[in-house]
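Asker: This is the structure, below, for whatever I ask next.
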Amino acid sequence: MMRPGMKRKGVLTAVGVLLLALAAYIWYSPYLFLTNLQKAIMERSTARLERMVDFPRLREGLKNQLMTKLTEEVQKSKDPFSGLGLAFASLLIDPLVNALLTPEGLAALGRGVSADSPPQAPLEAVRDWRLRYSGFNLAYIYPKDSPKNRLYLERVGLFGWKVVRMDLEL
């Protein structure tokens, strides 16, 4: 026969183990997301990429980043025609970013090829992506050889993640 104190200790141990497993899963969830993202890119699964990436938010962020960089370069320039170049470049940024940041384009970028060329780049490049936490609700993915080029992940709910921002080393 089991004493009441022993029963309580067993329940507390089980609850503790369960909470520890839950915390481990919450911590490991972006790594699982990275694995699924890599698989979606390697399989060129646009449907899965659409669920994993907030493409409208990603496009707007990249457009803003490019415009900021162009504006900084124009302000540094002593060329009187640099403002005209900025106006021309700003007309090209929207269609370029809209064309590149699609599920197909992201799959191609992750593999080192353009969206309209045949897949010739080695898939190992996608497998070499790394992940780092930047807070409980934010993490980023980066290529092993280029840590300043990043895809930022934002937590969705307790276990889910979504790509929401891209930073490129310009």
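The values are calculated or read from the model by the stated rules, or taken from the named source; none is laboratory data. Quantities reported herein were computed from a predicted structural model and do not represent experimental measurements. Note that we place each Cβ from the backbone using ideal geometry, even for glycine, and neighbour counts take in every protein chain shown. Note: accessible area is taken over every heavy atom of the protein model, side chains too, but ligands, DNA and RNA are not part of it. Shrake-Rupley method; radii C 1.70, N 1.55, O 1.52, S 1.80 Å.
Asker: Tell me which of these ARG44 doesn't satisfy, since it passes every other one: (1) open to solvent by 80 Å² or more (accessible area, probe 1.4 Å); (2) free of Cβ contacts under 8 Å to residues at least 40 places away in the same chain.
Answerer: It fails just one condition, (2).
Asker: Does GLU50 fit the bill of being in a helix (DSSP H, G or I), more than 30 Å from VAL126 (Cα to Cα), open to solvent by 40 Å² or more (accessible area, probe 1.4 Å) and among the acidic types (Asp, Glu)? Lay out the reasoning, then the answer.
Answerer: Details: in a helix (DSSP H, G or I): yes; more than 30 Å from VAL126 (Cα to Cα): no; open to solvent by 40 Å² or more (accessible area, probe 1.4 Å): yes; among the acidic types (Asp, Glu): yes.
For GLU50, the condition - in a helix (DSSP H, G or I), more than 30 Å from VAL126 (Cα to Cα), open to solvent by 40 Å² or more (accessible area, probe 1.4 Å) and among the acidic types (Asp, Glu) - is not met.
Asker: Does LEU34 satisfy being closer than 22 Å to LEU170 by Cα, within 16 Å of the chain's Cα centre (by Cα), aliphatic (A, V, I, L, M) and in a helix (DSSP H, G or I)?
Answerer: On the way: closer than 22 Å to LEU170 by Cα: no; within 16 Å of the chain's Cα centre (by Cα): yes; aliphatic (A, V, I, L, M): yes; in a helix (DSSP H, G or I): yes.
No; evaluated as a whole, the condition is false for this residue.
Asker: Just to verify a result, which residue in the range 133-142, among those that are part of a strand (DSSP E or B) and over 11 Å from the mean Cα position of the chain (by Cα), is nearest to ASN36 (Cα to Cα)? Can you show your working first?
Answerer: Filtering the range 133-142 for residues part of a strand (DSSP E or B) gives 133-135, 138-142.
This time we only want the ones that are over 11 Å from the mean Cα position of the chain (by Cα), so: 133-135.
On the way: TYR133: 17, SER134: 20, GLY135: 21 Å.
Of everything passing the filter in the range 133-142, TYR133 is nearest to ASN36 (Cα to Cα).
Asker: Look through LEU153, LEU138 and report the one residue that is touching a Pro at 6+ places or on another chain (Cβ under 8 Å) and modelled with pLDDT of 85 or more.
Answerer: Numbers: LEU138 fails: touching a Pro at 6+ places or on another chain (Cβ under 8 Å).
Only one candidate passes the filter, namely LEU153.
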